[in-house]
1. At 0.36 nm per residue, minus the direct Cα-Cα distance, what do HIS27 and LEU101 gain on full extension? Give it in nm, one decimal, please.
2. Could you give me the radius of gyration and the Dmax of segment 182-244, taking only the C-alpha atoms into account and expressing both in angstrom?
3. Mind listing which trypsin sites (Lys or Arg not before Pro) in segment 207-266 are in a DSSP loop and have 12 or fewer other Cβ atoms within 10 Å?
4. Calculate log10 I(q)/I(0) of segment 210-303 for q = 0.22 Å⁻¹, where I(q) comes from the Debye formula with a single equal point scatterer on each Cα and nothing for solvent.
5. At a 10 angstrom cut-off on C-beta neighbours, averaged per residue, how do the peptides 64-71, 102-109 rank from highest to lowest?
6. At a 10 angstrom cut-off on C-beta neighbours, averaged per residue, how do the peptides 327-333, 95-101 rank from highest to lowest?
7. Highest first, please rank the peptides 255-262, 87-94 by the mean number of other Cβ atoms sitting within 10 Å of their residues.
8. What is the pair-distance distribution P(r) of segment 123-270, computed from all Cα-Cα distances in 5 Å bins starting at 0, with each bin given as a whole percent?
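The values are calculated or read from the model by the stated rules, or taken from the named source; none is laboratory data. Quantities reported herein were computed from a predicted structural model and do not represent experimental measurements. Counting neighbours? That spans all protein chains shown, and the Cβs are built from the backbone with ideal geometry, glycine included. Just so you know, the surface numbers come from the protein's heavy atoms only, side chains and all, with ligands and any DNA or RNA stripped out. Shrake-Rupley method; radii C 1.70, N 1.55, O 1.52, S 1.80 Å.
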Amino acid sequence: MASHRSDVGTPASGTSALTPVRAAILHPVVDFLCAGGLSILVIVPLLLSGREDIGFLAVGIVVWGQYLLNYSHFMASYRLIYRDRETMLAHKWAAFGIPLLLIGYSSIAFARAQTGSPQWMGALVAVGSAYLAWHYTGQAWGMMASYSYLAGIRFEKMERLLVRGSLRVLLAWHVVWFARTWFGQTSLDEPFWLPPLYQAVSVAAILALLLGAGGLGKVWLRAGRLPPARALVAWFATFVWYAAIARWGLPALLLLVQPAHALQYIEFPVRVELNRATRKGTGRVAGHMALYLGLLMAVSFVVILLVPGPAMSVVAGFLGLEPQKVAPLLLLTFINIHHYFTDGVAWKLRNPAVRKELFAHLAVPTTAPAAVSAGSSGWKKPAK
């Protein structure tokens, strides 16, 4: 989720918000693996192996699987916003305004790139990278808030400040890292202050692990227990992701982190779709879900054909692109940026309708959760 950021808590009394105790989006084990458990199992051994590169992951079938997962999470987000006229009109800016702005800007960027001036496109990619940082860290917090809510645990103000603050430090690291990557792909000299800034935010990112752990420790001392493992793994996995990016750069972002982020998100729209199918009571839930997942994969496959795999690797060298690579990269960036906005409006847990759809398979909470926007406005990924 993409991108979902919102602060969710239980009633002030501290009683469980939902029952049963093992309430889950799909299943506690599935939730754990999707939230970050699986990505930790894959990435940590790679980090410990001392490998200098991860080029061995760029195998055809592996890359196709990653791309299908990534684009499926985009399409699932679009399904939430464009499923009917009422929903589109309720989110006019995300459904129509942002796409029109991006189309206009992308048209200019495309024309400029054809004349040998790709700076407009470079700016768009830079904006997309900044949103991506906001998206990853916001979604991690949304996961923590959501799974803690299911377990009947709330975050108080200082606890939120510490845990979310640790994720914001990672956001800052991402932005500075991208700036260094950008200068590394151009003929421009890197500003003298950028290397020491990168070193500073790198140290801060390590210390942020302690900052967030302090916030979780405060929860433990106050409530007598930690948030559920599903929430903890979503937080820790984010640090693991950025460790991979620091080690291997863009290949890690594209081949490891983005698919992990997509997997973290995908079960939430799947749960919403499953709840809707169940509510209809047609007795064909399995068939409905098979059709839903099949369509996500089919549409994703078509998009991949429009945005060929090699276009992803072009991101590192967007200055000096060959003309035939401009359009795919613009389309890719368009989808990413638009996704952040659709995700931001789709996952506002303070909206009773969103809570009702997401938690329809569980007992209804006696008290509405308190929601505080964490970025784009939603609870991110459940989101970007």
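1. Numbers: separation 74, 0.36 × 74 = 26.64 nm, distance 3.97 nm.
Roughly 22.7 nm would be gained on extension.
2. Rg then Dmax for segment 182-244, in Å: 17.1, 56.
3. Within segment 207-266, the qualifying trypsin sites (Lys or Arg not before Pro) (loop, at most 12 other Cβ atoms within 10 Å) are ARG225.
4. The computed values of log10 I(q)/I(0) come out as -1.06.
5. Numbers: 64-71: 19.1, 102-109: 15.8.
Sorting 64-71, 102-109 by mean packing, highest first, produces 64-71, 102-109.
6. On the way: 327-333: 20.7, 95-101: 14.1.
Sorting 327-333, 95-101 by mean packing, highest first, produces 327-333, 95-101.
7. Values: 255-262: 23.5, 87-94: 15.0.
Top to bottom by mean Cβ count within 10 Å: 255-262, 87-94.
8. P(r) over segment 123-270, rounded to whole percents: 2, 9, 18, 21, 18, 14, 9, 5, 3, 1, 0, 0.
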